[in-house]
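As C-alpha cells, the structure follows; a few thoughts come after it.
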Amino acid sequence: MKALTTILTPILSLLPARQSSPEPQPQVQADVQPPPSCPDYSSYAKTRHPPYSSGRHNLSYQRPSPSCRTFNSSIIESFITNLSSTITDPDLYRLFQNTYTNTLDTAIKWHGSASNNSAEELTFIITGDINAMWLRDSANQLASYFPFLSPSTSRDSLASLYRGVVNLQARYLLTSPFCNSFQPPSESGIPPASNSAASSDTVFPPYDPNKVFECKYELDSLASFLQISAQYWLATNDTAFFGKFQWLDALSIVLKTAKGMMTPTYSADGKVLDSPYTFTRMTTRTTETLANDGLGSPVARDTGLIRSAFRPSDDSTLHQFLIPSNMMFAQYAGEVSSIVSSLSSISEPGVKTPPAGLAEELADLAKSLRAAIRRHGVVTILTLNSTGREVESLYAYEVDGFGSWSLMDDANLPSLLSAPLFGYLNASDGLYRNTRARILGNYTNPYMMHGPVINAVGGPHAGPGMAWPMGSIVRIMTSEDDEEIYTTLKELVGSTDGLGLIHESVNTFDATRWTREWFSWANGLFGQMIWDLSQRKPGLLKRSYQ
C-alpha cells in the first residue's frame, strides 16, 4: 500500500488540484433546517426507493431529495458525478452514490454559532439513527470529506463544518471530558435526547444528562478531538483558529484526563488507588458495565500506557490498556504538538498564546506511548503448524501490564487492522503484517466472522456471526492485493439487503439480518474507501461486481 494515501493521514500532493482555488460554494445557508415535510430518514432508510440500479442487486436509491438534505456541497456532488465514468459496475456506483454523502445529506443536525460569540461556529452531527453526537463518530464522519477540505471563511463550506465540530467538541470536553456522546448545544433549540439505557448508570465524575447523552470513557474519544484538529490544520494551515475560542483549554483537559487515566490499580505498597473514573450500569450484558464495582479489571503500575474503560464499539474493555486507542492517541498527540508549536509564533489580536511547554508535553507523551506500546503491547506466541513450531510476534488488542493480553480485533476504529490508516505505522511493517494475518485468518481471531454472504471482523457489540462491513472496508484500505480487494468489495456490494446502504453488521449467512439501517460513519467510510481506490487502484473500479 502506498504510504498514507487514505484520508485519515493523506499526503497533500495527492489532493485534487482544487487546493489552489477557492472551494465552490454549496447552495445552502447555515441554520436552515429541512422543511417539515421531509421524511424521517431512519424510516426512509429501511425501505427501497426507485430508481433502482441496473445490476443484479437492484439497489435502491437512498438519498433524500435536495431540499431535504441537511448540507449540500457542490464539490462533493461534482466528485460523485465524475466517478460515474470511472465506476463501471452499476451496483457499486449506486452504493457509492448513496453512501458518500450520507453525513452531509442526513446528519448535519444543526450548524450555527455560539450564543455568546457569533464568530464561534458550531456543528452538531448526529451519528445517524441515534440523535446524539459522538466525539469519535463526528470526527470520522467529517474525515470522509478530507480530500476536499480547503481554506474558506464561508459558513457554507466544509471548512466551516470542521471548525464547528472542533469548537463543539472542545465545549463538550470542557463540560465532561470522560464522556463519549453528547446532547445538542443549547443554541440549536433541539431538545435533549432520551437515553433509557443510561438511566441506571452510576458514573464518577457525575454528569448532566441534559448535556451528556452517555458517559463511557473511551480513550479514542479524546484522540478523535486531536484527529479532527490535526486534519483541519493540515488541509487549511489555519493556525490562528486554534488560538481562538476554547481549543487550547480543551487540549489541556484532554492531556490532564489522559494522564490521569495512567493511574494504576495499586500503589507500590499494595493500596487500591482511587480511579479518576468509575462506571456501573444495571444490565444483562457484561460488555455494558465495568467489573470491580466500576473500576474495571486491574492494571499494572509503570507501564506508560493510558487506560480505556470502553472500546470504540462502546463495549467495555477486558484489559484496560487498549492498544489501538493508545496508538491513535500517540499518533495524533504528536501531530497536534506541531499545531501548538506553530501557534506559539503567532501574535495577533484575539489569538491566545499556548501555555509554555505544552507542545513539548504532547510530543513527549507521543514518544513515550510508542515506547510503552512496543514494550507492553507486543506479544510473542508459539504456534503449531504443518512444519512444526513457530514463534511469532504481533500486537495484542488489549493488555493489563501484568502479563495478560487478548489476541483479537474489533471492527470499530481505531482497531489494530486500521493502524496504517491513522499513520501509526506502515502497512509493510513486519509486526503489523503478522497481526493483520492473524486478525483476518481462519479461526485465529475470535471475532473474525465467516460465511457465504460476507467475511469480516465483527465484535462483541453485535455478537458472533455478525460481520461488520466497516471491517471489510478497512481490510480493503490496508491491502495492496487486487484479488483480496476485489473479493472483499464484491461481498460489500452484495450484502446490503438491496437497500444500498452500509449497515453496522450483517449476518454472514443471511443478508436480510442486519443491524442499524442508518449508520452515517460507516456509509462515509465506504465513500472514503472508493476515493482511496480511485487514487491508488483505479483499475479495480472498472471491474464488474455482479
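The values are calculated or read from the model by the stated rules, or taken from the named source; none is laboratory data. In this text the structure is predicted, and so the values were computed from the model without any measurement. All Cβ positions, glycine included, derive from the backbone under ideal geometry; neighbour counts span all protein chains shown. Note: accessible area is taken over every heavy atom of the protein model, side chains too, but ligands, DNA and RNA are not part of it. Shrake-Rupley method; radii C 1.70, N 1.55, O 1.52, S 1.80 Å.
Worth a mention:
- Taking label points 7 Å from Cα along the Cα-to-Cβ direction, Y486 and K259 give a separation of 5.4 nm.
- The sum of -39500 (n - 2.57) across all DSSP H runs of n ≥ 4, divided by the residue count of the chain, sets its helix-only mean residue ellipticity at 222 nm to -10000 deg cm²/dmol.
- Span-rule helices in the chain, defined as complete DSSP H runs reaching 20 Å or more along the axis (Cα) with Kyte mean at least 0.0: 158-175, 219-236, 323-343
- Quotient of the Cα radius of gyration of region 400-546 and 2.2 N^0.38 Å, N being its number of residues: 1.01.
- The listed residues S479, S194 rank as S194, S479 when sorted by accessible area, largest first, using a 1.4 Å probe.
- Ligands, DNA and RNA excluded, the heavy atoms of L440 present near 30 Å² of accessible surface to a 1.4 Å solvent probe.
- Loop trypsin sites (Lys or Arg not before Pro), region 479-529 (other Cβ atoms within 10 Å of the site Cβ: 10 or fewer; DSSP): none
- Summed over the residues of region 167-320 and divided among them, the accessible surface reaches 37 Å² per residue at a probe radius of 1.4 Å.
- When P(r) over Cα pairs in 10 Å bins from 0, in percent is computed from the coordinates, the matching label among (1) 3, 15, 21, 20, 16, 12, 8, 3, 1, 0; (2) 3, 15, 19, 17, 14, 12, 9, 6, 3, 1, 0; (3) 4, 19, 30, 29, 15, 3, 0 is (3).
- For region 394-528: accessible area per residue (Å², 1.4 Å): 28 Å²
- Region 86-132 - accessible surface per residue (Å², probe 1.4 Å): 23 Å²
- In Å², nearest 10: area of I381 left accessible to a 1.4 Å probe: 20 Å²
- D_trans [Stokes-Einstein, Kirkwood Rh over alpha-carbon pairs] for region 361-463, 10 °C, 1.306 mPa s, µm² s⁻¹: 106 µm²/s
- Surface share of carbon and sulfur [accessible, 1.4 angstrom probe, percent] for the chain: 52 percent
- Normalised by 2.2 N^0.38 Å, where N is the number of residues, the C-alpha radius of gyration of region 181-263 stands at 1.30.
- For the residues K109, K367, a 1.4 Å probe over the protein chains yields an accessible-area ranking, largest first, of K367, K109.
- Inter-part distance where region 317-396 and region 196-258 are each reduced to a Cα centre, Å: 18 Å
- Of the trypsin sites (Lys or Arg not before Pro) found in region 226-285, those that fall in a DSSP loop while having at most 13 other beta-carbon atoms within 10 Å are K271, R285.
- Across K256/K367; K216/K259; K109/K211; K211/K259; K211/K244, pairs whose alpha-carbon gap is larger than 19 Å: K211/K259; K211/K244
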